[in-house]
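Scroll down for the structure; my scribbles are underneath it.
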Amino acid sequence: MAYDYDDQNVFARILRGEIPNDTVMETEHTLAFNDITPQAPVHVLVIPKGAYVTYDDFCANASEAEIVDFARTCAAICKERGITADASPGFRALTNAGEHAVQEVPHFHMHIIGGRPLGRILSKMD
Ligand code: AMP
C-alpha cells in the first residue's frame, strides 16, 4: 500500500510559506531549519521539498537527484555546525516513521542533533 500524504501537515505548510521557519540551509530539493523545541545545542530538521511521508517512502520513490541532494545537505549541515565526528565528539541523525516511532509530523524529516553527549539511542527494555 502506498503512503497517503497529508498536505496540511506542518512541514508542508512551511514549504508553501504559510508558516515561518528558522532556515539553516536551502537547496533545489531540500530545506533545513531549526527544530522549534530543540533537544540539544544543535537540532536541525532536514526535509525534502517533495511530498514523502517517511524515510522508506523517500528512499523508494524520490529521484536520485532528490536523494543525493538530501544526503549532501545533511552532511553540509554537520560540517557547517562543527559536529562531524572527525572534528568533534560527533552527532546523531535519526528519523521517526509511523506510530511505533511516535512520528509527529507526517512529512519525512531527518533530525540532526549534536553539541552535547546524547546517550544511547534506546534504553534497554525488559
Ligand atoms: P517527529 O516526532 O520525528 O515527527 O518530530 C517532529 C519534530 O518537529 C519535533 O521535534 C518538533 O519539535 C518539530 N516541529 C514541529 N513543528 C515545528 C515547526 N513549526 N518548526 C520547527 N520544528 C517543528
Flagged pairs (Cβ under 8 angstrom, 6 or more apart or on separate chains; first in region 105-120, more than 14 Å from ALA93 (Cβ to Cβ) and near the ligand (Cβ under 9 Å from one of its atoms); second open to solvent by 50 Å² or more (accessible area, probe 1.4 Å) and of a type in the set (Gly, Ala, Ser)) are HIS107/ALA51
Could you check, for region 37-49, whether at least one of its residues is within 20 Å of GLN8 (Cα to Cα), within 11 Å of the ligand (Cβ to nearest atom) and open to solvent by 20 Å² or more (accessible area, probe 1.4 Å)?
-> no
Exactly one of ALA85, ALA76, ALA93 is under 15 Å from GLY115 (Cβ atoms), of a type outside the set (D, E, K, R) and surrounded by 12 or more Cβ atoms within 10 Å (Cβ to Cβ), and that residue is ALA93
- Within region 51-64, identify whether any single residue is of a type in the set (Phe, Trp, Tyr), in contact with a helix residue (DSSP H, G or I) (Cβ under 8 Å, 6 or more places away or on another chain) and more than 26 Å from TYR5 (Cα to Cα), and answer yes or no. no
The residue that is farthest from TYR3 (Cα to Cα), considering only those in region 84-99 that are part of a loop (DSSP other than H, G, I, E, B) and touching a residue at least 40 places away in the same chain (Cβ under 8 Å), is THR95
Contact list, first residue from region 6-33 and acidic (Asp, Glu), second anywhere and within 11 Å of the ligand (Cβ to nearest atom), beta-carbon distance below 7 Å, six or more apart or interchain, is ASP6/PRO106; ASP22/PHE33; ASP22/ASN34
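Here's the yes/no breakdown for (1) under 15 Å from the mean Cα position of the chain (by Cα); (2) not in a strand (DSSP E or B):
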position	(1), (2)
VAL44	yes, no
TYR52	yes, yes
ALA65	no, yes
ASP69	yes, yes
ALA76	yes, yes
ALA101	yes, yes
LEU122	no, yes
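The values are calculated or read from the model by the stated rules, or taken from the named source; none is laboratory data. Keep in mind that what you see is a predicted model, and the values were worked out from it rather than measured. Here Cβ is always computed from backbone atoms with ideal geometry, including for glycine, and neighbour counts include all displayed protein chains. Accessible surface is based on the protein model in full, side chains and every heavy atom, while ligands, DNA and RNA are left aside. Shrake-Rupley method; radii C 1.70, N 1.55, O 1.52, S 1.80 Å.
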